[in-house]
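**Student:** Once you've had a glance at the structure underneath, I'll fire off some questions.
The values are calculated or read from the model by the stated rules, or taken from the named source; none is laboratory data. What you are looking at is a predicted structure, and each value in this text was computed from that prediction instead of being measured. For neighbour counting, all protein chains shown are included, and Cβ atoms are generated from backbone atoms with ideal geometry for every residue, glycine included. What goes into the accessible areas is simple: the full protein's heavy atoms, side chains included, and nothing from ligands, DNA or RNA. Shrake-Rupley method; radii C 1.70, N 1.55, O 1.52, S 1.80 Å.
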Amino acid sequence: MAVQTVATGTTANETAAQDAATVDLGPASGLSCRECGTKFPLGPVFACVECFGPLEVAYDLPVGDPEALRKQIEAGPANIWRYAPLLPVPADVAEKPNLNPGWTHLVKADNLARELGVEQGRLFVKDDSGNPTHSFKDRVVAQAIEAARAFGFTTLSCSSTGNLAGAVGAAAARAGFRSCVFIPHDLEQGKVVMAGVYGGELVAIEGNYDDVNRFCSELIGDPLGEGWGFVNVNLRPYYGEGSKTLAYEICEQLGWQLPDQLVIPIASGSQFTKIDKGLQELIKLGLVEDKPYKLFGAQAEGCSPVSVAYKGGHDVVRPQKPDTIAKSLAIGNPADGPYVLDIARRTGGAVEDVNDEQVVDAIKLLARTEGIFAETAGGVTLGVTKKLVEAGLIDPSLTTVVLNTGDGLKTLDAVAESSQATATIKPSLDAFRAAGLAE
């Protein structure tokens, strides 16, 4: 199947419509423009021909008996496929070769709560570093793989700040796809190795993520891209749905309750918008009681276009050139930025940023209080949480969930200098005492 960049009235779109008739993506009924509502058949398209707005997956969801649906979900596998009735995947998805991510720990963070001045039993960390390639990106790639199968792609690709490249490489290897992924040339070495070890092509582009993304946009429209599924471009509507599973899991792990406050890192902004979509779906299906919740976005000061727009009262997000240690969030022109602003304002949340020093401090704070080693994106999220609590924007008496989206082993350089051996001694008790370590 040829790669398509927009839905059109051309032969390519007719092909997509024909394919949609035989595509099995479970409850997914088609695609819908987020801006103007124009409907399209299921296919590898991501932008509306009418207004160039982003396309979303539309569903025929299983409304009617919330308790029966809860029981069905709870009886499912301990991964994201327990939510297959709510996702664009076939009913037998759990039987296909996939990395089966999800159902990661929701950690009650009482030690951290004491440090931040949050009421005991009210602060939780959703630790997605426990996924197969140690980041939340396994969730979105798992969704994209199923769409790639449905549309007959043979090569999986992406533009990535690191975590996505590793997730695509691993998932493609498991599912039997060829992979070719593209990254900025100056990524953390841990992420480069993790993306390259799976045997697919790993291509470093001279420039930042936005340069990489522009290159991929050219490739996707060229005959060279025939048969390629770019998980975050022509498969983006399906890929994005993987982030909803974070919302589903958090609510189920809280006893089928909505959290009062969530703090979410912002790169492209897709995760933020999809978590809101997931919460709204749970309310619509009657799986949780409807009540207000607030969503807070977290950015690094060195790449904070959404935060700047929010604090300036703007609706337009002006691009920035990234300069931060939080490279997984270093997207200077975030596609979903305006939608993040809308959701933060609608829910009564906010978007804030922290500098690199605060990121490192937050990584170490989470490690020493809860034993969770977060990558720099997690340091951004916790650093922003601390800042919001101190500013009185997060209510310390309400249930708050902070997302850690990746493993600190991927970003060792951020804390390596300040995390060395306490002492180097000879192998004797006298040396141990002399070093002052026996007290």
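**Student:** Suppose we filter the range 385-439 for residues that are within 25 Å of Gln271 (Cα to Cα), modelled with pLDDT under 95 and assigned to a loop (DSSP other than H, G, I, E, B); how many remain?
**Tutor:** 1
**Student:** Right, Glu115: part of a loop (DSSP other than H, G, I, E, B), in contact with a helix residue (DSSP H, G or I) (Cβ under 8 Å, 6 or more places away or on another chain) and open to solvent by 40 Å² or more (accessible area, probe 1.4 Å) or not?
**Tutor:** No: the conditions fail for Glu115.
Every residue, every condition in (1) open to solvent by 10 Å² or more (accessible area, probe 1.4 Å); (2) more than 26 Å from Lys294 (Cα to Cα), yes or no:
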position: Arg368; (1), (2): yes, yes
position: Thr385; (1), (2): no, no
position: Leu398; (1), (2): yes, no
position: Gly436; (1), (2): yes, yes
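**Student:** So the check is Cβ under 6 Å with 6+ separation or different chains; which pairs have a first residue in the range 303-328 that's over 14 Å from Val384 (Cβ atoms) and open to solvent by 40 Å² or more (accessible area, probe 1.4 Å) and a second one that's acidic (Asp, Glu) and in a helix (DSSP H, G or I)?
**Tutor:** Going by the 6 Å Cβ cut-off, the qualifying pairs are Ile325/Asp356.
**Student:** Have a look at Leu61, Leu55, Leu25 and point out the one that is buried (at least 19 other Cβ atoms within 10 Å of the Cβ) and farther than 14 Å from Ala144 by Cα.
**Tutor:** Numbers: Leu61 fails: buried (at least 19 other Cβ atoms within 10 Å of the Cβ); Leu25 fails: farther than 14 Å from Ala144 by Cα.
Exactly one of Leu61, Leu55, Leu25 is buried (at least 19 other Cβ atoms within 10 Å of the Cβ) and farther than 14 Å from Ala144 by Cα, namely Leu55.
**Student:** Follow-up question, since we're still on this one. Among the residues of the range 70-97 satisfying the criterion of being farther than 22 Å from Arg236 by Cα and touching a residue at least 60 places away in the same chain (Cβ under 8 Å), which is most open to solvent (accessible area, probe 1.4 Å)?
**Tutor:** Here the residue is Glu74.
**Student:** Right, another one. Report those helices (runs of 4 or more DSSP H) wholly inside the range 184-294 carrying at least 1 residues which are over 19 Å from Glu375 (Cβ atoms), aliphatic (A, V, I, L, M) and open to solvent by 10 Å² or more (accessible area, probe 1.4 Å).
**Tutor:** So the answer is 209-220, 270-284.
**Student:** Scan the range 348-363 for residues that are surrounded by fewer than 19 Cβ atoms within 10 Å (Cβ to Cβ) and not polar (S, T, N, Q) and report the count.
**Tutor:** 3
**Student:** Please find, among Ala377, Ala344, Ala367, the residue that is within 14 Å of Cys303 (Cβ to Cβ) and either part of a helix (DSSP H, G or I) or in contact with a Pro (Cβ under 8 Å, 6 or more places away or on another chain) (or both).
**Tutor:** On the way: Ala344 fails: within 14 Å of Cys303 (Cβ to Cβ); Ala367 fails: within 14 Å of Cys303 (Cβ to Cβ).
Answer to the check: Ala377.
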